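Contents: one structure, followed by commentary.
The values are calculated or read from the model by the stated rules, or taken from the named source; none is laboratory data. Owing to the predicted nature of the structure, the values given are computational and were not obtained by experimental measurement. Positions of Cβ are generated from backbone atoms using ideal geometry, with glycine treated the same way; all protein chains shown enter the neighbour counts. For accessibility, only protein heavy atoms count, side chains too; no ligands or nucleic acids. Shrake-Rupley method; radii C 1.70, N 1.55, O 1.52, S 1.80 Å.
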Amino acid sequence: MPKAALTTLGCKVNQFETETMEGLFRQRGYTIVPFDETADVYVINTCSVTSLGEKKSRQLIRRARRLNERAVIAVTGCYAQVSPEEIRAIEGVRVVLGTKERAGIVDHVERAAREAGVFDGTGDIMHAEEFEDIPLFGAPARTRAFLKIEEGCENFCSFCIIPYARGPVRSRLLASVRREAAKLIAMGFKEIVLTGIHLGCYGRDLGDVTLVDAVREVLSLPGLKRLRLGSLESIELSDELLALLADEARFARHLHLPLQAGADEILRAMNRHYDTAKFAALFERVERAVPGVAISTDIIVGFPGETQELFAESVAFVERMNFARMHVFPYSPRQGTPAAGFAAQVPDEEKKERVRIMQALAVKKSEAFHASFLGKRMPVLFETEREGVTDGLTENYIRVYTDAPVVTGEIEEMHLVRLHQDGVWGERRSG
């Protein structure tokens, strides 16, 4: 029986796509093995959000060749889509697919095993018109199940390569959303996370359909314990969606709303479609409507033109927001995006210092949010266990650690007693 090893770089959407490809290989009789083992096929699902992601992608390709120089190496994902010529030039690569045509990956791999040459199926992603609906075959190897319902992005933020890597918005049909979610529930998953490249645009290409319809479709399924959303642009949080979040007990009280910068001048340069006043007003409205909600965010520091004064303005704005979690990134110029050619690029050493400052603020905000829940009892979906300590997430995205004998993949109520690492320590207590 042939062996296939797959690995993923980047976002939760990439993780989901790798799991669907694993299912396709299983359906064709392949055994899935860890990526550091000898295999007949290696699939690297790449990321191109940062130059570091591309560097790691190249390293993984070369590692696969060292593991078995006779293996078929297939490269997919955003890096393969935007720079297929770079991928083709790496010794050992036999298949390049990008961000579409992955439903046929096994056929491509098996053709490469029979014939000489490099098989490139990337094509022009900007003319893609339909969501690539690949059914799930087999259970994902996690306790939370991600379900991709949308592909593509049309925001064209000045720093971002993703619209060029993923193409226009395409949405999974509601019937397919329901079918795949039902599969995941039947597999025993307690939580489903709806993901997409530009999730808030779900349904734009389907006529009179919105993200609210997809959420309601999944919530209507019996057996679902918890539903969570992936990243969502703040301007796309409709009143209807917010009301559903407030009223539906199984809809996790957590929103990831990327801010990106806390200075209006930088937001305009980024081609973001809001300002800090609108973001702050929405933040307040969400907190008022959904008590205990966790709002996490992304922040980019060192964007071209970000002076010390503008960075200080961004820090001051973030300080006023009650973020539960912040992901801080240094700006990474991406060839082919407008921002890569902007004047006043910030030196790398200055970016590192700004990351340090903003990350320290992130830790402070996270600890303050977590501390506000100490002494409370909250349901936790436990995910991983290591050396007698199990950790998992509350519905509002607090990571809880415990040495109590809990079961991964199950939800159990815990008493939150103290801050611990990046979350809190939980105990079982009666009453």
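Does Val389 meet the test of being without any contact (Cβ under 8 Å) to a residue 24 or more places away in the chain, surrounded by 14 or more Cβ atoms within 10 Å (Cβ to Cβ) and hydrophobic (A, V, I, L, M, F, W, C)?
It is true that Val389 is without any contact (Cβ under 8 Å) to a residue 24 or more places away in the chain, surrounded by 14 or more Cβ atoms within 10 Å (Cβ to Cβ) and hydrophobic (A, V, I, L, M, F, W, C).
Please go through the stretch 331-377 and pick out each residue that is of a type in the set (S, T, N, Q) and either assigned to a loop (DSSP other than H, G, I, E, B) or in contact with a His (Cβ under 7 Å, 6 or more places away or on another chain) (or both). Let's see the steps before the verdict.
If we filter the stretch 331-377 for residues that are of a type in the set (S, T, N, Q), which is where we start, we get 332, 335, 337, 345, 359, 366, 372.
Selection gives Ser332, Gln335, Thr337, Gln345, Ser372.
Before we move on, is Gly138 farther than 30 Å from Thr390 by Cβ and among the small types (Gly, Ala, Ser)? Break it down into steps so the answer makes sense when it comes.
On the way: farther than 30 Å from Thr390 by Cβ: no; among the small types (Gly, Ala, Ser): yes.
No; evaluated as a whole, the condition is false for this residue.
Tell me the residue from Val328, Val315 that is crowded, with 19+ Cβ neighbours inside 10 Å, of a type in the set (Val, Ile, Thr) and either out of contact with any Leu (no Cβ under 8 Å at 6 or more places or on another chain) or not in a strand (DSSP E or B) (or both), please.
Val328
Restricting the search to the stretch 205-236, which residues are farther than 26 Å from Met187 by Cβ and of a type in the set (D, E, K, R)?
Hits for the stretch 205-236 are Asp205, Asp208, Glu233, Glu236.
Is it fair to say Ala181 is within 21 Å of the chain's Cα centre (by Cα) and within 29 Å of Val407 (Cα to Cα)?
Considered against the rule, which asks whether it is within 21 Å of the chain's Cα centre (by Cα) and within 29 Å of Val407 (Cα to Cα), Ala181 comes out as yes.
Which of the residues that make up the stretch 44-59 are in a helix (DSSP H, G or I) and either surrounded by 16 or more Cβ atoms within 10 Å (Cβ to Cβ) or touching a residue at least 40 places away in the same chain (Cβ under 8 Å) (or both)?
The answer is Ser51, Leu52, Gly53, Glu54, Lys56, Ser57, Arg58.
For the stretch 84-102, indicate whether the set of residues that are without any contact (Cβ under 8 Å) to a residue 60 or more places away in the chain, surrounded by fewer than 23 Cβ atoms within 10 Å (Cβ to Cβ), under 22 Å from the mean Cα position of the chain (by Cα) and more than 30 Å from Glu383 (Cβ to Cβ) is non-empty.
yes
Kindly indicate the residue of the stretch 284-310 that is touching a His at 6+ places or on another chain (Cβ under 9 Å) and part of a strand (DSSP E or B) and also nearest to Phe342 (Cα to Cα) among those meeting that condition. Show your work before the answer.
Narrowing the stretch 284-310 to residues touching a His at 6+ places or on another chain (Cβ under 9 Å): 293-299.
From what is left, the residues that are part of a strand (DSSP E or B) are 294-299.
Values: Ala294: 35, Ile295: 31, Ser296: 29, Thr297: 25, Asp298: 21, Ile299: 19 Å.
This residue is Ile299.
Ala340: more than 30 Å from Glu86 (Cα to Cα), of a type outside the set (Ser, Thr, Tyr) and either open to solvent by less than 70 Å² (accessible area, probe 1.4 Å) or out of contact with any Leu (no Cβ under 6 Å at 6 or more places or on another chain) (or both), yes or no?
In short, no.
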